[in-house]
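The block underneath contains the structure these notes are about, expressed in structure tokens.
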Amino acid sequence: MFRKLMELGAATVEELTSSQWVQLAQEAVTEAEKLDAPKPKPTPPKRRWEYKFEFSIMTEQFLNTLGDEGWELSGVLRSQTLPSYIFKRELQ
């Protein structure tokens, strides 16, 4: 506060003119708004995936094993023979 008074050319608050009071108040409001402004949310880390293709008949036991390893079914490609199963899991 003292430094701001010196910038305005006053040694005490009693020496401030009405226009200096207005300027001081406006600057105080601006500073308060900066403190109250919402802070930007941090950007979450980019997720990376690995993929696995299976070309066989799926059994419940096999699917449960893949699930236990963190794999989830992401898509199925149909063909004239066996379908292709696409699994994905997040890289650690």
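The values are calculated or read from the model by the stated rules, or taken from the named source; none is laboratory data. Keep in mind it's a predicted model, so treat the numbers as computed, not measured. Positions of Cβ are backbone-derived with ideal geometry, glycine not excepted, and every protein chain shown enters the neighbour counts.
The set of residues in the stretch 41-68 being acidic (Asp, Glu) and surrounded by 10 or more Cβ atoms within 10 Å (Cβ to Cβ) consists of GLU50, GLU54. Residues in the stretch 62-92 that are within 12 Å of TYR51 (Cβ to Cβ) and basic (Lys, Arg): 2 in all.
Do you know which of the residues in the stretch 15-43 that are part of a helix (DSSP H, G or I) and among the aliphatic types (A, V, I, L, M) is farthest from the chain's Cα centre (by Cα)? Write out each step before concluding.
Going residue by residue through the stretch 15-43, those that are part of a helix (DSSP H, G or I) are 15, 18-36.
Going one step further and asking which of them are among the aliphatic types (A, V, I, L, M), we end up with 22, 24-25, 28-29, 32, 35.
Details: VAL22: 39, LEU24: 36, ALA25: 35, ALA28: 31, VAL29: 29, ALA32: 25, LEU35: 20 Å.
Filtering first and then ranking leaves VAL22.
Scanning the stretch 69-92 for residues that are outside any strand (DSSP E or B) and more than 16 Å from MET58 (Cβ to Cβ), which turns out modelled with the highest pLDDT? Of everything passing the filter in the stretch 69-92, GLY70 is modelled with the highest pLDDT.
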